[in-house]
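Trainee: Structure below; questions to follow.
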């Protein structure tokens, strides 16, 4: 293997490693949402994954800083790993609010949003398993478009969820709690699309 190829492979390995940890974090987050409050004790696991993702992001950025050769634009590599890390940050923020806001039971819209986050992160993990050959591998474009569709569904779930919250609660504090949670989870789904958008930029620049 040439030195150039070895360096490029290091970046692709890091993208996949980060995407894998984000997907594992989403599995825990989704389990908490589906089994709340019984699985409330798993909330610290989300923080553990968020810390792992931060570490992988830093490692990738250090590699970027110290590498003369990169597989594509430095700006896009920087954006890619930061957007992936934002997904883990979003799940950590939402999970922390479950505890902070003393949530008694999970709303169905929150469970739906957790499902969408899990679906999107699984799609991204598969995308990055094929990303090394992004110029030729159709799976990259397929997964990129699927994540966009999931994000559109997230917008719909969020809007309906907020409408239900405003309609069902008379207590302003409860409204604020759930609006904050749904907004945070929607932003997390948006971050998944953010990753797909960076991938789209890479494809366009290297067409």
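The values are calculated or read from the model by the stated rules, or taken from the named source; none is laboratory data. In this text, all values refer to a predicted model and were calculated from it rather than measured experimentally. Cβ coordinates were reconstructed from backbone atoms using ideal geometry, including for glycine residues, and neighbour counts include every protein chain displayed.
Trainee: Could you tell me which residue of the stretch 98-110 is modelled with the lowest pLDDT, considering only residues that are surrounded by fewer than 17 Cβ atoms within 10 Å (Cβ to Cβ) and in a helix (DSSP H, G or I)?
Mentor: 99
Trainee: Hey, among the residues in the stretch 130-139 that are farther than 16 Å from residue 197 by Cα and touching a helix residue (DSSP H, G or I) at 6+ places or on another chain (Cβ under 6 Å), which one's modelled with the lowest pLDDT?
Mentor: Per the stated criteria, the residue is 132.
Trainee: Among the candidates 86, 39, which residue alone is at pLDDT 95 or above, loosely packed, with under 15 Cβ neighbours inside 10 Å and either in contact with a helix residue (DSSP H, G or I) (Cβ under 7 Å, 6 or more places away or on another chain) or within 18 Å of residue 188 (Cα to Cα) (or both)?
Mentor: Among 86, 39, only 39 is at pLDDT 95 or above, loosely packed, with under 15 Cβ neighbours inside 10 Å and either in contact with a helix residue (DSSP H, G or I) (Cβ under 7 Å, 6 or more places away or on another chain) or within 18 Å of residue 188 (Cα to Cα) (or both).
Trainee: Could you tell me whether residue 142 is over 18 Å from residue 83 (Cβ atoms), in a helix (DSSP H, G or I) and modelled with pLDDT under 95?
Mentor: Criteria not met by residue 142.
Trainee: It is to be established whether one or more residues within the stretch 60-73 are buried (at least 21 other Cβ atoms within 10 Å of the Cβ) and either under 18 Å from the mean Cα position of the chain (by Cα) or closer than 30 Å to residue 169 by Cα (or both).
Mentor: Within the stretch 60-73, one or more residues are buried (at least 21 other Cβ atoms within 10 Å of the Cβ) and either under 18 Å from the mean Cα position of the chain (by Cα) or closer than 30 Å to residue 169 by Cα (or both).
So that you can scan it fast, the table gives a plain yes or no per residue for (1) surrounded by 20 or more Cβ atoms within 10 Å (Cβ to Cβ); (2) under 13 Å from the mean Cα position of the chain (by Cα):
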position: 124; (1), (2): yes, yes
position: 135; (1), (2): no, no
position: 139; (1), (2): no, no
position: 142; (1), (2): no, no
position: 145; (1), (2): no, no
position: 150; (1), (2): yes, yes
position: 187; (1), (2): no, yes
position: 195; (1), (2): yes, yes
